[in-house]
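The block underneath contains the structure these notes are about, expressed in structure tokens.
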Amino acid sequence: MNKHILIVGGGYVGLYTALRLQRRLQRELRDGEARITIIDPQSYMTYQPFLPEAAAGNLSPRHVVAPLRRILPKVRILNGRVTEVDHDERTVTFQPPEGAPRQVAYDVIVMAAGSISRTLPIPGLTDIGIGFKAVGEAIALRNRVLHLLDVAESTDDPEVRRKALTFVVVGAGFAGVEALAELEDMAKDSTRYYRNIKPSDLRWVLVEASNRVLPEVGPEMGKWTLEQLRERGIDVKLETRLESCTDGHVILSDGSEFDAETLVWTAGVKPSPVVNDSGLPLDERGRIKCTAMLTIAGTSDAFAAGDAAGVPDVTNPGQYCAPNAQHAVRQAKVLADNIVRHLRGQQLVEYRHKYVGSVAGLGLHQGVANVYGVKLRGFPAWFMHRTYHLSRVPTLNRKVRVVVDWTLALFFKRETISLGEMEHPREDFRAAVATTRR
Ligand SMILES: Cc1cc2nc3c(=O)[nH]c(=O)nc-3n(C[C@H](O)[C@H](O)[C@H](O)COP(=O)(O)OP(=O)(O)OC[C@H]3O[C@@H](n4cnc5c(N)ncnc54)[C@H](O)[C@@H]3O)c2cc1C
């Protein structure tokens, strides 16, 4: 046999599944009896829970991602996108960055393509909105916030200043609250270097359609988080929806209207679009329909897990596992073991994990946690948040780099310059060329 295991997506599920397969199938990989391929547009896995700290400048962007080729030397990494899956033919359509798409055949497939931002058809959203799922978005936001402080300091137009200093985040789950809390903390800290901007000049608005924030830490700690955010001067608008943001003019369902240069959209996720083009069975939320063994319903050689998969929660009958890293990492372990069992003709086991609660960072030395029923707030929760995620970030190499970043931040003030020009590196050169022509 030469079984080809193809993993679509090199995020949490893809990386951890491949890591375990690389270890458990050592002999088969060496003897040419099995091979593993990951297809992902990026050559790295993003440790998403560290994105808010990267946005705040506490961590270097390169240290919140894990390089796939270095960590997985026995796995072939193809950069590009899977656009279609034909499970009857056991092939996927692979679109590389350059050139025509081609078919890649497999024996066993793992669908681990994760999720993308779930948006609504709101006027202006595509023009000014930005998501918070990728390292590029986190760093662009950091540059943007700092650049807007420069704009506000340098203008003499009060309207321009007010708009520049107004930041809106839509969605008060993990990503939204942590992104807002870290960015607000960083922006407030940075005002010390601006002569004409006081912390109270910054306006941060958090818009949430439901009646609570951070549901991941439970109602009591969610309420505490809400009070904390409001005490910090953040305008939290519950049971409120964004209706329009054309040209940065924000209109909310509570009737308020104001101008903002920045709007971060973190109001939920939906499965990666490849899921729709897979011909695989989907559940009512559009995720790949799975069994508790993490096989795709109706198949024995196709597996799925993570944000793109609807996995029954056997600890909570009738419910599905929530799309979070806690499940993704544990599912990857069971999934890899089940692939090994499948290849060896053994019985598969069920994925079983009871959600243990969560930790969230709310800026430097501030946090909230509810784990195994232990509720913490402030510094202890922040410390727990950091130690937990440090223990989880893949590879010793990344762990050391993260600790070094944090240690340096203890002794030196954080960098507060915008490197937004990196997003348009050819502008100056183009301007120079134009001058020559004249
Ligand atoms: C800011 C933020 C903070 C978070 N904090 C926490 C936290 O504290 N705790 C927690 O439990 N969870 C947290 N989460 C959620 C957690 O990160 C996700 O649930 C987890 O990443 C899901 O893993 P996954 O493997 O399914 O998807 P991902 O890790 O997103 O990986 C999917 C991969 O598939 C690739 N891909 C997509 N489409 C294709 C395609 N067509 N072809 C090939 N590859 C494709 C993507 O490039 C990506 O690399 C956070 C999320 C965010 C955004």
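Of the cross-linked pairs Lys223/Lys333; Lys237/Lys399; Lys74/Lys270; Lys74/Lys289; Lys133/Lys333, those separated by over 26 Å at the C-alpha level are Lys223/Lys333; Lys237/Lys399; Lys74/Lys270; Lys74/Lys289. Taking 0.36 nm per residue of separation and subtracting the Cα-Cα distance, full extension of the segment from Arg212 to Arg62 would add 50.6 nm. Going 7 Å from the Cα of Thr83 toward and past its Cβ, which residues in segment 94-123 have a backbone nitrogen under 18 Å from where you end up? Residues 94-105 fall inside that zone. Shape of segment 332-429 from its Cα gyration tensor (a ≥ b ≥ c, root eigenvalues): rounded if a/c is under 1.5, otherwise prolate when a/b > b/c, or oblate? Taking the square roots of the gyration eigenvalues as a ≥ b ≥ c, segment 332-429 is oblate. Cα centroid separation, segment 23-66 to segment 264-280: 21 Å. Taking a ≥ b ≥ c as the square roots of the Cα gyration tensor eigenvalues, segment 113-154 comes out oblate, since a/c reaches at least 1.5 and a/b does not exceed b/c. Across segment 160-185, the residues whose backbone nitrogen lies under 18 Å from the label position 7 Å along the beta-carbon direction of Thr119 are 168-172, 176. Rg and Dmax, both from the Cα atoms of the chain and both in Å, are 23.0, 75. Each stretch of four or more DSSP H residues adds -39500 (n - 2.57); spread over every residue of the chain, this sum gives -10500 deg cm²/dmol at 222 nm. Under 5 Å between amide hydrogens, built in the peptide plane, is the criterion, and for Val269 it picks out Arg118 among residues at least 5 positions away or on other chains. Annotation: amide H of Leu362 within the under-5 Å range of Gly367, Val368, sequence separation 5 or more or interchain, hydrogens built in the peptide plane. Computing FRET efficiency as 1/(1 + (r/R0)^6) for Asp127 and Arg27, where r is the C-beta to C-beta distance and R0 is 41 Å, gives about 0.15.
Converting phi to 3J(HN,Hα) with the Karplus coefficients 6.51, -1.76 and 1.60 and the offset θ = phi - 60°, segment 246-254 yields 4, 6, x, 8, 8, 10, 10, 5, 7 Hz in sequence order, with x at every glycine or proline.
Around the amide H of Gly131, modelled in the peptide plane, lie the amide H atoms of Trp265, all under 5 Å away and 5 or more residues distant in sequence or on another chain. The phi-based Karplus calculation (6.51 cos²θ - 1.76 cosθ + 1.60; θ = phi - 60°) puts the 3J(HN,Hα) values of segment 77-85 at 10, 10, 8, x, 10, 8, 9, 8, 10 Hz, whole numbers, x for Gly and Pro.
Taking every C-alpha pair closer than 8 Å and separated by at least 6 residues, the mean separation divided by the residue count of the chain gives a relative contact order of 18 percent. Restricting segment 97-166 to trypsin sites (Lys or Arg not before Pro) that sit in a DSSP loop and have at most 12 other Cβ atoms within 10 Å of their own Cβ leaves nothing. For the chain, hydrophobic long helices are taken as DSSP H runs at least 15 Å long by C-alpha position along their axis with mean Kyte-Doolittle hydropathy of 1.0 or more; none is present. Maximal additional length on extending the Ser43-Thr395 stretch stands at 125.2 nm, based on 0.36 nm per residue less the C-alpha distance. Each residue of segment 282-294 was assigned a 3J(HN,Hα) from its phi angle through the Karplus expression (A = 6.51, B = -1.76, C = 1.60, θ = phi - 60°), giving 10, 8, 5, 9, x, 8, 5, 6, 10, 8, 5, 8, 6 Hz with x at Gly and Pro.
No lab work stands behind these numbers, since they all come straight from the coordinates. Just so it is clear, the model here is predicted, and its values are computed rather than measured. Positions of Cβ are backbone-derived with ideal geometry, glycine not excepted, and every protein chain shown enters the neighbour counts.
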